[in-house]
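The values are calculated or read from the model by the stated rules, or taken from the named source; none is laboratory data. Everything numeric in this text was worked out from a predicted model, so none of it was measured. As a convention, Cβ positions derive from the backbone with ideal geometry for all residues, glycine included, and neighbour counts pool all protein chains shown.
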Amino acid sequence: MWKISLALILIVGSATFYITSSVYKQSGDNPKQRTFFDDKQHLHVMGIVLGESTVRDAEIAFKSRTDAALFLYPKKAKGEQEAQYTGKLEAYFPSIADHSKVLLTLKITDAELEAMRKRSSRPREYPNGVIRMNLSNQDILAVQHMIVIEMSLIPSLNLNKEMIMAQFGKPEQVTNISPNTTVYTFPKFGLVATINQDDKDRLTFNNP
């Protein structure tokens, strides 16, 4: 079963967290420097409009080109003899400076992902069981026109509660997923902030 998503990985500067959080305060008149909901309830963030912007729009906004590939992630299933995988199409911007990342989830169907898998080539299996497959030329072009529906920022710096609240204010909800993972929800910003002491912190933006 394919996961209906496409993750787009972007390397961005270490100031990403501060830049993104500050535009939530509506500073500046330039729409590309503001984060807000429009009349369609589409979130504008870092020059991207969730539900409208494409990968090509993201390339223009971030002034970089992407490299995309299909990844098959193994999933455990009881009683299954054959390995089962969840498919994701991932692309990244390798020319941006820092180790911070931006993940864009795109609107795509299970059928489209399966068709891409069949057209992909040169599989490479990593030690963790993940398989990478290179996209066909037609699919590389198709990725350019896919719509962004979610943006996740993974800052290169470690976040904490004080930093989150200083930048975004008081969250509407705080959920402790585990002893080392806390989720802060800001519906008015379309934001879910996850602080994970065992993994990377993440700021995820969605339309309502």
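A few comments on the model shown:
- When every residue of region 188-197 is checked against the conditions, none turns out to be surrounded by fewer than 17 Cβ atoms within 10 Å (Cβ to Cβ), aliphatic (A, V, I, L, M) and over 23 Å from residue 55 (Cα atoms).
- Residue within region 193-200 that is of a type in the set (Lys, Arg) and more than 19 Å from the chain's Cα centre (by Cα) present: no
- Selection status of residue 138, modelled with pLDDT of 90 or more, surrounded by fewer than 19 Cβ atoms within 10 Å (Cβ to Cβ) and in contact with a helix residue (DSSP H, G or I) (Cβ under 8 Å, 6 or more places away or on another chain): yes
Matching residues to (1) surrounded by 13 or more Cβ atoms within 10 Å (Cβ to Cβ); (2) closer than 20 Å to residue 45 by Cβ:
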residue: 161; (1), (2): yes, no
residue: 177; (1), (2): no, no
residue: 184; (1), (2): yes, yes
residue: 199; (1), (2): no, no
residue: 204; (1), (2): yes, yes
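- Counting only strands (runs of 3 or more DSSP E) that fall entirely inside region 1-90 and contain at least 1 residues that are within 18 Å of residue 102 (Cα to Cα) and modelled with pLDDT of 55 or more, the qualifying elements are 43-45, 67-75.
- Residue in region 99-110 that is surrounded by fewer than 12 Cβ atoms within 10 Å (Cβ to Cβ), at pLDDT 65 or above and either among the charged types (D, E, K, R) or within 15 Å of residue 149 (Cβ to Cβ) (or both) present: yes
- Matching helices (runs of 4 or more DSSP H) fully within region 101-208 where at least 3 residues are closer than 21 Å to residue 68 by Cβ: 110-119, 137-143
- Figure legend. Inter-residue proximity from region 117-143: first residues free of Cβ contacts under 8 Å to residues at least 24 places away in the same chain, second residues among the hydroxyl-bearing types (Ser, Thr, Tyr) and surrounded by fewer than 11 Cβ atoms within 10 Å (Cβ to Cβ), beta-carbon distance below 9 Å, spacing 6+ or different chains. Indicated pairs: 136/121.
- Scanning region 164-176 for residues being more than 12 Å from residue 191 (Cβ to Cβ) and either of a type outside the set (A, V, I, L, M) or at pLDDT 90 or above (or both) gives a total of 4.
- Cβ pairs under 7 Å, 6+ apart, first in region 188-208 and in contact (Cβ under 8 Å) with a residue 60 or more places away in the chain, second hydroxyl-bearing (Ser, Thr, Tyr) and in a loop (DSSP other than H, G, I, E, B): 189/24
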